[in-house]
Structures are given as C-alpha cells and as structure tokens.
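K.L.:
Have a look at this one.
The values are calculated or read from the model by the stated rules, or taken from the named source; none is laboratory data. Everything quoted here is computed from the prediction, not taken from an experiment. FYI the Cβ positions are ideal-geometry reconstructions off the backbone, even for glycines, and counts take in every protein chain you see. Ligands, DNA and RNA are excluded from the accessible area calculation, which covers all protein heavy atoms including side chains. Shrake-Rupley method; radii C 1.70, N 1.55, O 1.52, S 1.80 Å.
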Amino acid sequence: MTIPIAPTAPHTDAVVAAIAAIPMPVERAKKPAGGGWQGDPGTSDYVPYAVVYPSPGVPDGNEAEPLEYLDYSAQINIWGITEPQAERVADLVRAALIGRRLTVAGRSTYRVQTPGGPPIRRDDSVQPSTYLAVVEIAFRSQPA
C-alpha cells in the first residue's frame, strides 16, 4: 500500500483559520488586508496582524509506511506598533495554537508545539518604527 505524501496547504489553512478566529488579520507570506496603519502612518490607528510562513513539511514514517506522517512547521510573524502590543498579540496567537489539535481534513493531528523563537525586535526601516514578534510552531499529522 502506497500512502501519498500529505499536502502542507491544508495544514497551513488550519493555522490561518485558528489565528483568524482570534480575530486578527492574517495572511500567508504577505501583509493581510486590514492590518497595519489604517491611514497615514503615525497619525492613524494601527491594527496588529500576523503573517504565516509555512514550511514544505517533512514526511516521516517507518519501513512499512515511510510517508505516513507529516511533520509540519511554520513561522508566524506578528507586527505591532509597540513592543508591548507585539508581545500581547503574540500571546494571543500562542494561546490559539499551542497545545491544540488543529483540524486538517483526512488527517489526525498531534498537539501544536513551539520550539521557541527569537526575541521581539524593532524595525526602524519604516517610520514610525514597528515591532516584530515571531511565534514558531510545529506539529505532526497522520492519516485519520
């Protein structure tokens, strides 16, 4: 019996859906509509947002079924206008994902874990400056 390699896109769909349910603007690999400055930078409201950068996933298994599992990971960049805002929004993203089993059609998922992530950093390449918090996640899935 040959088991095809699980596609990663449905896994990313589940991550995006969990973040969108916070609710928060979120998109794959680009700034989402409705996120960031709502008008002129520095004089309008700023809506924090998340950008999901998925990995291609790594198939795993045993000799009999070498492609049974998919080890999925993603980096989620959270943008805020202040360091406390970026940190608080990152907390919301972690709460929506870490320790949860996400729904992926045709797959049974393990609980989402986090291997850690870099410290929050300030981006002075834009004015006014913004802050970036990174949440890294990983989880495994197998055929349901």
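K.L.:
Among the residues of segment 1-56, write down those that are within 29 Å of PRO143 (Cβ to Cβ) and of a type in the set (S, T, N, Q).
P.N.:
THR2, THR8, THR12, SER55
K.L.:
I need the strands (runs of 3 or more DSSP E) fully contained in segment 32-144, keeping only those with at least 3 residues that are open to solvent by less than 60 Å² (accessible area, probe 1.4 Å).
P.N.:
Output list reads 49-54, 69-80, 107-109, 130-143.
K.L.:
If you go through segment 99-128 one residue at a time, how many are within 18 Å of the chain's Cα centre (by Cα) and of a type in the set (S, T, N, Q)?
P.N.:
Of the residues in segment 99-128, 4 are within 18 Å of the chain's Cα centre (by Cα) and of a type in the set (S, T, N, Q).
K.L.:
In segment 37-96, how many are small (Gly, Ala, Ser), within 22 Å of SER129 (Cβ to Cβ) and at pLDDT 95 or above?
P.N.:
Residues in segment 37-96 being small (Gly, Ala, Ser), within 22 Å of SER129 (Cβ to Cβ) and at pLDDT 95 or above: 6 in total.
K.L.:
Pairs, please: C-beta under 7 Å, at least 6 apart or cross-chain, first residue in contact (Cβ under 8 Å) with a residue 60 or more places away in the chain and in segment 4-19, second hydrophobic (A, V, I, L, M, F, W, C) and open to solvent by 60 Å² or more (accessible area, probe 1.4 Å)?
P.N.:
From segment 4-19, the pairs are PRO10/ALA105.
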